[in-house]
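**Q** A single structure is presented below for examination.
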Amino acid sequence: MLFDTLVAMRRLFVPALCVAALAAFVSPVLADTVGQTQSFLVNTSYDASGAGTVSAILRAAGSYGYFYIDDLYWATLSPVEQSQFNTNLNALSVQFDSTIYPRVTSFYGSENTPGIDADPHVVVMMERLISGSGGYFETIHNYTKARAPNSNAREMVYVNVDSVSNANGKTYVAHEFQHLISFNQKELLRNVQDDVWLNEARSEYAITVAGYSEPYEGSTLQRRAQAFVRAPSDSLVDWPNTSVDYAIASVFLHYLSDRYGPEIIASTTRTAAAGVAAIDEWLSQNGKTERFCDVFSDWMVASYLNDRGIDPRYGYTRTGLNQIHVAPIVSAQLYGVGQRSDYSASLKDWQPLWVENAIVSAGSAAAVNVRISGSSDAAWRGAVVAKYRDGSGRVIPFLSVFGGADIAAPAQSNGSDIVSVTVAVGQGTSQQVGNRIIDAKPVTVTISSGEISGVIVTPMPTVIPTPQSIQPINGDLIRRVGQSEIYVVWGPYRRYLPQGTLKLYGFENRPVTEVTDDVFFRYSTSNYVREEGQKKVYALWPDGTKHWMNITTAQWDASARDWGAIFTVNSSEITWYATGPDIIR
């Protein structure tokens with residue numbers, strides 16, 4: 001799979017060297033001058049033409065950066081395009097001098113300077129990269145050719161030259177520059193290789209440090225958040241280098257910053273601890289009683305509820321992120337006492353899972369019971385979120401339980417019936433994972449409107465206060481005040497239900513809640529459906545017609561359509577709609 005905006009740093013290892021030993025190989029060199037040509041070794045996997053060597057000309061030089069441009073790319077530009085390119089490149093050079101370099105070094109620390117080439121400038125090599133790649137970093141170039149023959153022997157990063165013409169150039173440079181800093185702070189100064197996930201997460205946060213996450217609309221952070229909501233159940237620490245890896249890492253680190261302040265992130269470059277252990281170290285040194293496992297559990301609840309009014313732990317503060325709501329996997333609906341559902345999955349270390357059951361009726365059951373059953377060599381952690389008809393609820397955490405856990409949520413709260421149970425669960429045992437592939441552990445989430453043998457009621461749940469007005473819950477029918485159109489809500493979406501479809505689900509006599517505009521517009525409209533057990537996706541139009549989305553996956557992604565907005569419906573509803581023309585773009 002191609003990468004979504006940024007490729008991970010590529011690590012090429014050479015024998016470890018201490019800083020003093022490196023200094024012995026450094027010889028003074030003259031500063032580079034605009035117009036000079038240099039040949040650079042590049043990565044054949046990322047270069048668009050598969051080249052291993054690229055000739056480039058220095059076309060912009062500032063106080064802190066040299067910007068080299070691929071000769072072959074330059075030759076493809078017309079004189080007018082070259083002039084505009086130079087204008088954009090000089091602006092990027094100014095951004096690096098005035099914003100990226102001072103802000104990111106002040107936050108994370110300095111790169112190795114004057115470094116292996118005895119020149120304090122950072123080389124930004126701009127070449128045409130494979131589609132979807134924003135840039136990359138290779139540690140090998142930070143060593144002398146005597147120690148690493150395939151080294152350029154320069155403090156440098158690679159960035160996609162196409163980004164000079166759009167707003168992405170500065171974000172790519174900020175991201176890759178953090179890797180250069182991290183190499184110095186962790187590997188050269190402290191002789192430790194950090195976990196890839198944390199290094200990449202720091203680079204994502206470097207974009208925020210540089211000020212490029214504001215405004216939120218159109219930012220890299222917004223794209224990461226959207227990708228996370230579409231596919232949230234990804235291991236935080238395993239790193240196959242896909243877009244969802246960057247998404248969860250970016251969102252999680254921004255949650256840490258929201259909760260504890262940016263210092264918890266900056267501190268991870270100033271310690272010999274790596275990965276999870278670096279986070280735990282800061283928590284311990286700053287008098288916090290919670291540890292990474294507790295924070296991860298709270299973050300899962302925050303990504304589902306996102307309401308700091310319930311508890312400051314259970315929401316984000318940053319504009320944009322405070323609108324995140326993960327849509328759980330809907331396991332089943334329970335209609336009466338004694339009914340149960342089982343949902344099984346395999347989870348890698350620090351991989352979140354959200355499973356929800358709608359409770360149509362708990363009957364005479366005293367509680368809706370949840371059982372987590374999994375490998376005994378895994379630490380299952382998370383929380384049960386129970387919601388009630390009056391809008392109140394309970395958050396019942398379970399932590400550090402090996403093998404499994406039993407949790408019970410009362411079937412009524414203050415006389416109000418339970419309407420849903422959502423289980424947020426993950427597991428994590430590793431303190432450092434490096435680059436290794438992490439084995440997944442099996443787990444089953446059982447939800448029952450009645451007894452499961454050996455249920456233990458967890459004491460002292462966090463109580464969600466009852467809101468002043470009833471808020472819709474998954475499966476509720478709503479309409480705007482004074483309007484007749486009826487919608488069903490689920491997760492962050494609302495779907496229009498024509499009158500003729502209501503009886504297909506037995507909804508013709510179901511109460512419809514009138515909601516104010518501020519509540520109504522919290523939900524995004526969805527008009528995409530697919531029949532249960534089928535792959536075809538249709539767009540539904542208000543005139544009662546369905547239109548097959550006769551496009552490829554790539555076309556869907558390119559059009560910015562939302563995978564999460566596809567509702568699964570029964571065959572009766574699919575048949576109810578008249579067939580209209582296919583949608584082919």
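**Q** Within the range 509-521, is there a residue that is within 25 Å of THR422 (Cβ to Cβ), at pLDDT below 85 and in contact with a Lys or Arg (Cβ under 6 Å, 6 or more places away or on another chain)?
**A** yes
**Q** Right, here's the next one. Got at least one residue in the range 545-552 being more than 24 Å from TYR335 (Cβ to Cβ), surrounded by fewer than 16 Cβ atoms within 10 Å (Cβ to Cβ), modelled with pLDDT of 85 or more and hydroxyl-bearing (Ser, Thr, Tyr)?
**A** yes
**Q** Residue by residue through the range 384-395, note down the ones that are of a type in the set (A, V, I, L, M) and either surrounded by 24 or more Cβ atoms within 10 Å (Cβ to Cβ) or not in a strand (DSSP E or B) (or both).
**A** Of everything in the range 384-395, those that are of a type in the set (A, V, I, L, M) and either surrounded by 24 or more Cβ atoms within 10 Å (Cβ to Cβ) or not in a strand (DSSP E or B) (or both) turn out to be VAL384, VAL385, ALA386.
**Q** Report, by residue number, each residue of the range 69-87 that is in contact with a helix residue (DSSP H, G or I) (Cβ under 9 Å, 6 or more places away or on another chain) and under 17 Å from MET125 (Cβ atoms).
**A** The answer is ILE69, ASP70, TYR73, TRP74, PHE85.
**Q** Output the number of residues of the range 537-568 satisfying the condition of being more than 28 Å from the chain's Cα centre (by Cα) and not aromatic (Phe, Trp, Tyr).
**A** Qualifying residue count, the range 537-568: 8.
**Q** Within the range 84-95, does at least one residue satisfy the condition of being part of a loop (DSSP other than H, G, I, E, B), more than 25 Å from ILE265 (Cβ to Cβ) and not hydroxyl-bearing (Ser, Thr, Tyr)?
**A** no
**Q** Taking TRP576 and the conditions (1) farther than 25 Å from ALA358 by Cα; (2) touching a strand residue (DSSP E or B) at 6+ places or on another chain (Cβ under 6 Å); (3) not hydroxyl-bearing (Ser, Thr, Tyr), which numbered condition does it fall short on, given that it satisfies the others?
**A** Among (1) farther than 25 Å from ALA358 by Cα; (2) touching a strand residue (DSSP E or B) at 6+ places or on another chain (Cβ under 6 Å); (3) not hydroxyl-bearing (Ser, Thr, Tyr), the lone unmet condition for TRP576 is (2).
**Q** Looking at GLY403, GLY382, GLY393 in this structure, which one is in contact with a Ser or Thr (Cβ under 8 Å, 6 or more places away or on another chain) and within 15 Å of ASP298 (Cα to Cα)?
**A** Working: GLY403 fails: within 15 Å of ASP298 (Cα to Cα); GLY393 fails: within 15 Å of ASP298 (Cα to Cα).
Answer to the selection: GLY382.
**Q** So, one more: Among the residues of the range 50-83, write down those that are surrounded by fewer than 14 Cβ atoms within 10 Å (Cβ to Cβ) and within 35 Å of the chain's Cα centre (by Cα).
**A** GLY50, GLY52, THR53, SER63
**Q** I'd like the full set of residues that are of a type in the set (Ser, Thr, Tyr) and at pLDDT 80 or above, limited to the range 556-581.
**A** Correct list: THR568, SER571, SER572, THR575, TYR577, THR579.
**Q** May I ask you to list pairs of residues, at least six apart or on different chains, whose Cβ atoms are under 8 Å apart, with the first in the range 256-278 being at positive phi and the second being assigned to a helix (DSSP H, G or I) and among the aromatic types (Phe, Trp, Tyr)?
**A** Between residues of the range 256-278 that are at positive phi and residues that are assigned to a helix (DSSP H, G or I) and among the aromatic types (Phe, Trp, Tyr), the close pairs are GLY275/TRP197.
**Q** Another question, then. Kindly check whether there is at least one residue in the range 509-519 that is within 28 Å of the chain's Cα centre (by Cα) and either over 24 Å from VAL360 (Cα atoms) or surrounded by 15 or more Cβ atoms within 10 Å (Cβ to Cβ) (or both).
**A** Yes, the range 509-519 has at least one match.
**Q** Further, regarding this structure: Please work out which one of (1) more than 20 Å from TYR304 (Cα to Cα); (2) at pLDDT 95 or above is the condition GLN193 fails and give its number.
**A** Of (1) more than 20 Å from TYR304 (Cα to Cα); (2) at pLDDT 95 or above, only one is false for GLN193: (2).
**Q** Considering only residues that are closer than 19 Å to TYR505 by Cα and in a helix (DSSP H, G or I), which ones fall in the range 536-584?
**A** SER571, SER572, GLU573, ILE574, THR575, TRP576
**Q** For the range 495-507, indicate whether the set of residues that are within 21 Å of TYR304 (Cα to Cα) and buried (at least 16 other Cβ atoms within 10 Å of the Cβ) is non-empty.
**A** yes
**Q** Right, here's the next one. Sort out for me the helices (runs of 4 or more DSSP H) sitting completely within the range 191-270 that have 3 or more residues that are more than 12 Å from the chain's Cα centre (by Cα) and closer than 16 Å to TYR172 by Cα.
**A** By residue number, 196-209.
**Q** What about GLY426, is it crowded, with 18+ Cβ neighbours inside 10 Å, assigned to a loop (DSSP other than H, G, I, E, B) and at pLDDT 80 or above?
**A** Working: crowded, with 18+ Cβ neighbours inside 10 Å: yes; assigned to a loop (DSSP other than H, G, I, E, B): no; at pLDDT 80 or above: yes.
No, not satisfied.
**Q** Just need a number here: residues in the range 343-364 that are small (Gly, Ala, Ser) and surrounded by 23 or more Cβ atoms within 10 Å (Cβ to Cβ). Steps first, please.
**A** Filtering the range 343-364 for residues small (Gly, Ala, Ser) gives 344-346, 358, 361-364.
Filter once more, keeping what is surrounded by 23 or more Cβ atoms within 10 Å (Cβ to Cβ): 362.
Number satisfying all stated conditions: 1.
**Q** If a residue has to be buried (at least 24 other Cβ atoms within 10 Å of the Cβ) and among the hydroxyl-bearing types (Ser, Thr, Tyr) to count, how many in the range 145-198 make the cut?
**A** The number of residues fulfilling the criteria is 4.
Yes/no matrix, rows are residues, columns are (1) at pLDDT 95 or above; (2) in contact with a Lys or Arg (Cβ under 8 Å, 6 or more places away or on another chain):
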site: LEU2; (1), (2): no, no
site: ALA16; (1), (2): no, no
site: ALA20; (1), (2): no, no
site: LEU30; (1), (2): no, no
site: ALA56; (1), (2): yes, no
site: GLY62; (1), (2): yes, no
site: ASN86; (1), (2): yes, yes
site: GLN95; (1), (2): yes, yes
site: SER98; (1), (2): yes, no
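The values are calculated or read from the model by the stated rules, or taken from the named source; none is laboratory data. On a predicted model such as this, the values are computed, not experimentally measured, just so you know. Note: ideal-geometry Cβ built from the backbone for every residue, glycine included; neighbour counts use all protein chains shown.
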